[in-house]
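Chemist: I have a structure I would like to understand better, so I am pasting it below and will then ask my questions one at a time.
All of the numbers you see were taken from the coordinates with simple rules; none came from a lab. Every value quoted in this text rests on a predicted model; they were computed, and no experiment measured them. Note that we place each Cβ from the backbone using ideal geometry, even for glycine, and neighbour counts take in every protein chain shown.
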């Protein structure tokens, strides 16, 4: 227990330093968390591509146990992307983020997206210095993920329901899903998205712009 508390305390201190750096640079750091296969990479792929088309300066860090498959896929957007291989660690930590930022001029970025390792347990306890934590749950996973993994959803600033184009085929109970999310995290912003069709992305981009503006005002 003492060892874990020490690790988390060290992580929190490093995360606070990262948050200060991000704030001073004027960028919005976004931590994307979900179980494996929920659609984080697809959502981020479309996000990077479309934000770049509007002139936004974006970059991404991608966490995975092994391989750089996701980083290579996301780099096709034209955005700077770096892979973080955790080699068995089930979550990203603040020191991993700091080390992989070396050489990047944060002042030249508007958004930094962090795709966490696919896991709804461990990442809930690790602050990465982000201003926005987005928990993603897909319609293919059913409606009860927030009830099974309350710590993750309780720590989220936004919940994105992904793959809504498959909702009918999966017999997804939308009302039950919304009810479960709000039971765990009352008042949380909820988006319903499809990376394939683009549904919900206008709302997603509006939310990002609004949160970045609020962060800039808080820093000023």
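Chemist: Could you check the simple spin-label distance between residue 106 and residue 217, using points 7 Å along Cα→Cβ, in nm with one decimal?
Modeler: About 2.3 nm separates the two model spin labels.
Chemist: So, one more: By how many nm would the segment from residue 151 to residue 170 lengthen if fully extended, with 0.36 nm per residue of separation less the alpha-carbon distance? Present the calculation step by step, with values, prior to reporting the outcome.
Modeler: On the way: separation 19, 0.36 × 19 = 6.84 nm, distance 2.57 nm.
This chain segment gains 4.3 nm when fully extended.
Chemist: Taking the chain as a Gaussian network, where each spring joins two C-alpha atoms under 10 Å apart, which residue of 90, 170, 122 fluctuates the most?
Modeler: Maximum among the listed residues: 170.
Chemist: When only C-alpha pairs under 8 Å and at least 6 residues apart count, what is the relative contact order of segment 19-130, in percent? Before the final figure, lay out the partial values.
Modeler: Details: 207 pairs, mean separation 47.2, N = 112.
Taking the mean separation of contacting Cα pairs over the length of segment 19-130, I get 42 percent.
Chemist: Using only alpha carbon pairs under 8 Å that are at least six residues apart, calculate the relative contact order of the chain and give it in whole percent.
Modeler: Details: 409 pairs, mean separation 53.3, N = 220.
Contact order relative to length: 24 percent.
Chemist: Just grab the label-to-label distance for residue 188 and residue 85, each label 7 Å out from Cα along the Cβ direction, in nm (one decimal).
Modeler: Between residue 188 and residue 85, the simple spin-label model gives 3.3 nm.
Chemist: Expected output is a single nm value to one decimal: the length gained when fully extending between residue 16 and residue 140, i.e. 0.36 nm times separation in residues minus the C-alpha distance. What is it?
Modeler: 41.1 nm
Chemist: Moving to a separate point now. How large are Rg and Dmax for the chain when only the alpha carbon atoms are used, in Å?
Modeler: My reading of the Cα-based Rg and Dmax gives 16.6, 48 Å.
Chemist: Another question, then. What is the spread of the Cα atoms of segment 111-220 along each of their three principal axes, largest first, in whole Å?
Modeler: Projected onto the principal axes, the Cα atoms of segment 111-220 cover 47, 30, 26 Å.
Chemist: Which residues in segment 75-91 have a backbone N closer than 19 Å to a point placed 7 Å from the Cα of residue 66 along the Cα-to-Cβ line?
Modeler: 83-91
Chemist: Calculate the length of the line joining the C-alpha centroid of segment 68-125 to that of segment 134-199, in whole Å.
Modeler: Measuring centre to centre over Cα atoms gives 23 Å.
Chemist: Using helices alone, what [θ] at 222 nm do you get for the chain, with -39,500 (n - 2.57) per DSSP H run of 4 or more residues, divided over all residues and rounded to the nearest 500?
Modeler: On the way: 8 runs with 91 residues, N = 220.
Calculated at 222 nm, the ellipticity per residue is -12500 deg cm²/dmol.
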